[in-house]
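The values are calculated or read from the model by the stated rules, or taken from the named source; none is laboratory data. All of these numbers come straight from a predicted model, not from anything done at the bench. Don't worry about glycine lacking a Cβ; one is built from the backbone with ideal geometry, like all the others, and counts go over all protein chains shown.
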Amino acid sequence: MNTGSDRPVALITGGSSGSGLATAELFLSRGYRVAIVGRNTERLEAAKNRLGLEANVLCAPGDMGVAAEAERVVDVTVAEFGRLDVLVACHGYFAPLIHVLDLTGEEWQRQLGVHLFGVINIATAAAKVMSDQGGGSIVTISTINAWQAEPHFVPHSVAKAGVVALTRGMALDLAPFGVRVNGVAPAWVDSPMGAPDFVGIENQPIDCNFQNRPAHPEEIAEVVWFLASAASSALSGTTVMADLGQMSLLTGLRTVEGNETVDNMRRWRNEASSERGGPHETPYRDRLLRMEMEFGAGVHAS
């Protein structure tokens with residue numbers, strides 16, 4: 001047990017890689033003790049070794065899609081550190097790309113179980129501790145797919161839209177207990193989950209956002225830090241788009257004919273939607289194949 005310190009405590013799901021690991025590094029550097037959560041124990045241990053400061057880092061393996069495991073992770077964190085000040089719900093996995101007419105009930109349940117109910121489970125368990133101790137901050141991670149549709153990606157979009165709604169609803173219910181709930185919605189991120197999006201157009205400019213590049217995990221972590229800290233005390237129930245302007249760019253260019261960015265995106269999406277049965281010979285298929293080689297189909301990135 002490490003309850004003697006007055007350092008605050010952050011619990012970060014998906015903390016073994018990408019934005020979750022970058023968030024853990026940032027919170028540690030700014031005086032927090034952290035518990036990192038994921039399903040893959042080897043990656044968790046590797047992340048802990050990278051983080052160092054062993055006395056201030058806890059590995060808590062668990063599947064957030066299972067309510068009892070989410071509750072156990074929170075209990076283990078509080079037992080080790082004595083408190084819980086911040087939850088960052090950053091877990092997820094690369095879902096297979098399947099046409100909506102070919103989705104099975106089992107696939108719907110699997111994707112929503114992790115990406116929506118996994119957030120519900122861990123946020124609810126954390127909120128109970130925070131409300132009893134008089135306050136805290138919860139930060140959810142969704143994506144811009146909560147608003148922007150992509151071919152063969154319907155369950156993912158539904159789950160992320162649910163996370164945005166969950167963020168608003170929990171913020172309202174938990175405000176009397178001093179618990180704030182906000183969210184971050186990234187677009188493409190230069191991480192194990194997001195980097196393959198850019199490999200398909202190697203050595204070419206990325207013209208889908210204002211800065212022609214993916215976001216870096218460290219940038220997402222800074223947004224999470226702001227939302228978790230007292231600096232964002234005026235925000236509650238807010239989801240911040242950390243997308244380098246991608247949504248604004250797409251909105252502004254959607255009706256512009258002859259624009260190369262818009263023409264390419266329309267052609268890409270039309271090709272991806274031209275047939276049923278999942279991804280076809282498009283950048284989406286390339287991305288899926290790369291992810292399957294890297295992680296295995298349906299494997300958590302956390």
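Observations on the model:
- Unique residue being acidic (Asp, Glu), surrounded by fewer than 17 Cβ atoms within 10 Å (Cβ to Cβ) and either in contact with a Cys (Cβ under 9 Å, 6 or more places away or on another chain) or modelled with pLDDT under 80 (or both) when the list is GLU222, GLU218, GLU202: GLU202
- Just one of the listed residues (PRO186, PRO96, PRO196) is closer than 20 Å to MET64 by Cα, modelled with pLDDT under 95 and either buried (at least 16 other Cβ atoms within 10 Å of the Cβ) or within 13 Å of the chain's Cα centre (by Cα) (or both), and it is PRO96.
- Exactly one residue out of ALA123, ALA146, ALA127 is within 20 Å of the chain's Cα centre (by Cα) and closer than 23 Å to ASP243 by Cα: that is ALA146.
- Odd one out for ASP63, checked against (1) in contact (Cβ under 8 Å) with a residue 12 or more places away in the chain; (2) among the charged types (D, E, K, R); (3) under 29 Å from GLY237 (Cβ atoms); (4) assigned to a helix (DSSP H, G or I): (4)
- Among the residues of the stretch 110-158, the ones that are touching a residue at least 40 places away in the same chain (Cβ under 8 Å), in contact with a Phe, Trp or Tyr (Cβ under 7 Å, 6 or more places away or on another chain) and of a type in the set (S, T, N, Q) come to 1 in all.
- Residue under evaluation ALA46, criteria (1) in contact with a Ser or Thr (Cβ under 8 Å, 6 or more places away or on another chain); (2) within 27 Å of LEU112 (Cα to Cα); (3) surrounded by fewer than 24 Cβ atoms within 10 Å (Cβ to Cβ), criterion not met: (2)
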